[in-house]
Amino acid sequence: EDQVTQSPEALRLQEGESSSLNCSYTVSGLRGLFWYRQDPGKGPEFLFTLYSAGEEKEKERLKATLTKKESFLHITAPKPEDSATYLCAVPQGGSEKLVFGKGTKLTVNP
Amino acid sequence: NAGVMQNPRHLVRRRGQEARLRCSPMKGHSHVYWYRQLPEEGLKFMVYLQKENIIDESGMPKERFSAEFPKEGPSILRIQQVVRGDSAAYFCASSDGGDYGYTFGSGTRLTVV
C-alpha cells in the first residue's frame, strides 16, 4: 500500500533559523510528489510538484528536493508568516487520487 | 478568478439529518475531487468526478455517502443520516486534468451534534 510519512510532526523555529522538513514515501512508479501549505481554517495551497530524483524547485524561502525515497522542504531564514502546516502527497498507483501525509506543523517565532 | 468555491463554510446537523456540501470548481476546470480531513488525520481521498460522471469513488463509504457533478451547477457531496463520526472538514479540489497541482477550496466544516 502506498504510504507517505512526514517528520517531524511539529517544528518550532526562531525567525531566521533555517531547517528542513522530511517526506518519505513508498509508492510503485512515482508519478510526482506534491507539496502543499495549509493555514488554519483554510484549504491546502499548492506549492511544488517534483517529478524525478534530483529535481529541485524554489519559491521565496522554500526549496523542495526529491530523491528516490524521500523529499525535503528546506526553509531558509523563515519568517513568522511561514507558520503553517506543510503537507506532501503522491498519486496512488495509476489513479488520480493523492495520498497525503499527516503534515508538519511549523511555527516560526519572532 | 474566484478559485474553488465551497459552501457552506460551516454546517451543523443533528444525528440522522442530511448534509449537502456544494463545490464550484475554478473556471475552466472540469475535474473535481472531494477529500475529508478528520481531526489529527491527514487528508483522505473520497471521490473523483468529471461532468456527469463518477470516475473513482473508491474512497467513499459504501453507505450514506453520494456525490454528483451535474452538467450545470456545482458538485454536490451528500451525506444521509449523519452520525457523529462524520464530523470533519470536507475539501473540494479542481483541476484541468493536466497535472496534480489541484486547487483546493476552503472547505466545509461539518459538525454533527
Checked against (1) among the basic types (K, R); (2) within 21 Å of A:Y36 (Cα to Cα); (3) modelled with pLDDT under 95, B:R9 satisfies every condition except (3)
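So if I check each of B:G42, B:G16, B:G28, B:G3, which one is on the phi > 0 side of the Ramachandran plot and within 14 Å of another protein chain (Cβ to nearest Cβ)?
Details: B:G42 fails: on the phi > 0 side of the Ramachandran plot; B:G16 fails: within 14 Å of another protein chain (Cβ to nearest Cβ); B:G28 fails: within 14 Å of another protein chain (Cβ to nearest Cβ).
Result: B:G3 is the single residue among B:G42, B:G16, B:G28, B:G3 that is on the phi > 0 side of the Ramachandran plot and within 14 Å of another protein chain (Cβ to nearest Cβ).
When you go through A:K68, A:K102 one by one, which is the residue that is within 14 Å of another protein chain (Cβ to nearest Cβ) and among the basic types (K, R)? Before you say what the answer is, go through the steps one by one.
Values: A:K68 fails: within 14 Å of another protein chain (Cβ to nearest Cβ).
Just one listed residue meets the conditions, A:K102.
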Expected output for region B:7-28 (first residue in contact (Cβ under 8 Å) with a residue 24 or more places away in the chain, partner exposed (fewer than 12 other Cβ atoms within 10 Å of the Cβ) and of a type outside the set (V, I, T), Cβ below 7 Å, 6+ apart or cross-chain) is B:R15/B:R84; B:M26/B:N1; B:K27/B:N1
Condition set in contact with a strand residue (DSSP E or B) (Cβ under 6 Å, 6 or more places away or on another chain) and of a type in the set (A, V, I, L, M, F, W, C), scope region A:76-99, selection farthest from the other protein chains (Cβ to nearest Cβ): answer is A:A84
Of the residues in region B:66-87, those that are surrounded by 19 or more Cβ atoms within 10 Å (Cβ to Cβ) and within 11 Å of the chain's Cα centre (by Cα) come to B:A67, B:F69, B:S75, B:L77, B:I79
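The values are calculated or read from the model by the stated rules, or taken from the named source; none is laboratory data. No experiment lies behind these values; they were computed from the predicted model shown. Neighbour counts run over all protein chains shown; Cβ positions are idealised from the backbone, glycine included.
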